[in-house]
Amino acid sequence: MDFTQYITKPGMDNMQKRIHHLMNHERPEVIKAVAIAREFGDLSENAEYKAAKERQRSIDHEIDHLRRRAAHLKVIDATVFPRDCVRFGLCCHTRDAETAEEQWFHLVGVDEIDFPEPEGVMAVSVASPIGKGLLGKKTGEIALIQAPMGERRLEILEIR
């Protein structure tokens, strides 16, 4: 299953908020900065103008990227999923079998990992080694994670 085309409902909400913020706050500010910098004179040697134009290109690129991705993503409402095993959009509490370190993971789409999570919860893409290892595991089972830094064994303590 190709999880790269899915996003949780809160993830899509965050994506739409980001687009709105870029369009209505950051872009107008940078357009003003470009206009002010243009007034400084010779544009070929105007560092403020060049920096503002680069920032404007960056913002426009991010808006375009987010809009295109949002148009192709399928929104998944994880609130309807049973909590019998780790699924897309759910959180799971784990304990590392070697270090006994406990961690909450929220399995999200690849476009959501940079959005804010509640304190103590780490967003992890379902396409990542940790996400792939956790998917389908039930409470009490051990997820074997094949990560670039080596093999990890995470016991599933709770799913919500």
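Annotations
- Out of GLU155, GLU48, GLU101, GLU62, sole residue that is assigned by TED's automatic domain parsing to the domain that holds ASP13, more than 22 Å from MET12 (Cα to Cα) and charged (D, E, K, R): GLU48
- Figure legend. Inter-residue proximity from the range 19-38: first residues in the same structural domain as ILE59 (by TED's automatic domain parsing), second residues of a type in the set (D, E, K, R), beta-carbon distance below 7 Å, spacing 6+ or different chains. Indicated pairs: ILE19/ARG67; LEU22/GLU62; VAL30/ARG55; VAL34/LYS53; ALA37/GLU48.
- Every test in (1) surrounded by fewer than 17 Cβ atoms within 10 Å (Cβ to Cβ); (2) farther than 30 Å from ILE31 by Cβ is passed by LYS50 save one, and that test is (2).
- Looking only at the range 107-160, residues that are over 24 Å from VAL75 (Cα atoms), in contact (Cβ under 8 Å) with a residue 40 or more places away in the chain, surrounded by 18 or more Cβ atoms within 10 Å (Cβ to Cβ) and of a type in the set (A, V, I, L, M, F, W, C) come to 3 in all.
- Residue list for the range 28-81, restricted to those being in a helix (DSSP H, G or I), in contact with an Asp or Glu (Cβ under 7 Å, 6 or more places away or on another chain) and not β-branched (Val, Ile, Thr): ALA37, ARG69
- Evaluation of THR79 against the conditions (1) surrounded by fewer than 16 Cβ atoms within 10 Å (Cβ to Cβ); (2) farther than 22 Å from MET12 by Cβ shows that the sole unmet condition is (2).
The values are calculated or read from the model by the stated rules, or taken from the named source; none is laboratory data. Quick caveat: nothing in here was measured; it's all calculated off a predicted structure. All Cβ positions, glycine included, derive from the backbone under ideal geometry; neighbour counts span all protein chains shown.
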